[in-house]
Amino acid sequence: MEGIKTRSVTFLKCDKVILNMEMKERQRFRYKNFIEAALCAIIIDNLKQCEVDPKSITVITPFLDQSILLNEHLKPLGIRQVLTIDKCQGIDCDIVILSCTKQTPDQGVLLKDLKRLNVALTRAKKMLVVIGTEKYLQDISPLDQIVDKLNKEGWVQELNSFD
């Protein structure tokens, strides 16, 4: 995750980890993504080691269930706040981590909404980290174009395993 610290925008692609899980397991927790929650904690911990004030970090997600899960995992790390996309309108923060949560093909309705997507992608003043499963985000327009642009710019970091 070294590249995250030096870029203003990073897409952390976790297809290899998420897609190795059984579909039945992914569907059982439709609006919670435990892997993305753990990745948020790892990223925040790495940023803290680089002397980033955790109060300058906000984590956002489309789903209320994911925001509750993230709050449980991340509040002990001292971050500023965890919000749903709908709750973060009008709030800017130095560093934003967007947990897309989507781990099944039928889950993208909230991310298809252009207003929500605009809010999600424009809250960060200095750094935006998007965590998601490219395979499923590519099914959502205009996220597919955004993911393509991130790939072309070399701003994608692929997570190969959780070791």
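The values are calculated or read from the model by the stated rules, or taken from the named source; none is laboratory data. A quick note: this is a predicted structure, and the numbers were derived from the prediction, not measured. Cβ coordinates were reconstructed from backbone atoms using ideal geometry, including for glycine residues, and neighbour counts include every protein chain displayed. Side chains are part of the model used for accessible areas, which takes the heavy atoms of the whole protein and leaves out ligands, DNA and RNA. Shrake-Rupley method; radii C 1.70, N 1.55, O 1.52, S 1.80 Å.
Of the heavy-atom accessible surface of the range 36-124 (probe 1.4 angstrom), what whole percent is carbon and sulfur?
52 percent
In square angstrom, what is the accessible area per residue of the range 46-163 with a 1.4 angstrom probe? It would help to have the intermediate numbers written out before the result.
Details: 5760 Å² over 118 residues.
Per residue, the range 46-163 has an accessible area of 49 Å².
How do the peptides 127-135, 47-55 rank, highest first, by the average count of neighbouring beta carbon atoms within 10 Å per residue?
Highest to lowest by the protection proxy: 127-135, 47-55.
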